[in-house]
Amino acid sequence: MYKKPSGARAVKQAYERLLGANLREGEPAWLRAMRSVPPRNSLVRETTQFSTQGRLEFEQKTAGEGSRAVEGEKIERAVAEGCVTSRHKKSQLRTRSTKPPRIGFPEDQLRRTFYRNHPFEKERPRIVMEPTGQTQQDWSQLTHGHGQVTGENVIRHQYYLMQNKGLSEREAYAQATSEFYKIRAREEMEAKSARQEALAYGARGLAKPFSASQLAAEDRALRRSTKAFAQRAEEQNMRSAMSEKMFAAGALPPSS
């Protein structure tokens, strides 16, 4: 089967034909280099397209001895001295996909457990700026009195308790979350007291945005219209009832 040569081989063959036809004078330096080290067709190793069975040196020696296989006897292929044959299944010869292996860390399971029980912690804004340039921190405590306390602090502190204090995952989780709840409660009380203090000194709350004020005005108008419609319906019912009573009194015969 004919196989188209690669680009480098095609250039070499074309230039050799030009030299054979005396259309070029002298051989360039690259032609001698390509003759000594010919280029490959591809970087991927391909299987041979020609059968070499019976043509190798050790196979010719075995075939020249004139030994024939008896009917019913298993024919074994000649193996060179020092070589070992091995048979593989087709499933073992398949190439594996180039999917990268999954990278896992011991904190991943702790992180999934924490955020499954505290989903709203993901919505809390975080400060990504590092106050210090230190890459390693001491996680023996949940907080050192400064910085923001997030779910990652709980996870790191829980992992520290498991590795250094010998606590189980459940015990470390209970201890870390109890400290976390105390810190959250203190933060809420500080924010509440600061708001009350600011209002006591005359601070004004932030004005509502235009969209919120318009929605509030629309709600007030809907409530007023609902009351007006209810009042009109009640007056109409009273008028109809009075007219029915007057009609019934006029239709009856006068008493003797």
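The values are calculated or read from the model by the stated rules, or taken from the named source; none is laboratory data. Computed from a predicted model, the values in this text were never measured in an experiment. Neighbour counts run over all protein chains shown; Cβ positions are idealised from the backbone, glycine included. To get the accessible areas, we keep the full protein, side chains included, count just its heavy atoms, and leave off ligands, DNA and RNA. Shrake-Rupley method; radii C 1.70, N 1.55, O 1.52, S 1.80 Å.
Points to keep in mind about this one:
- The modelled label-to-label distance between Met189 and Ser225, using points 7 Å beyond Cα along the C-beta direction, is 4.9 nm.
- Most to least packed among 166-173, 225-232 [average Cβ atoms within 10 Å]: 166-173, 225-232
- Probing with 1.4 Å while keeping every protein chain in the model, the per residue accessible area of region 165-236 equals 87 Å².
- The Cα atoms of region 168-214 cover 54, 29, 7 Å along the three principal axes, with the biggest extent listed first.
- Highest mean first, the peptides 33-40, 110-117, 196-203 sorted by other C-beta atoms within 10 Å per residue fall in the order 110-117, 33-40, 196-203.
- Seen from Leu31, the other residues with C-beta closer than 14 Å to its C-beta sum to a net charge of +3, counting Lys and Arg as +1 and Asp and Glu as -1.
- The stretch between Gln236 and Glu171 holds 16.4 nm of extra length on full extension. This uses 0.36 nm per residue minus the Cα-Cα distance.
- Among the listed pairs Lys122/Lys182; Lys192/Lys227; Lys122/Lys192, those with a Cα-Cα distance over 30 Å are Lys192/Lys227.
- Remark: spin-label model distance Ala203-Tyr115 equals 3.3 nm, labels positioned 7 Å along the Cα→Cβ axis.
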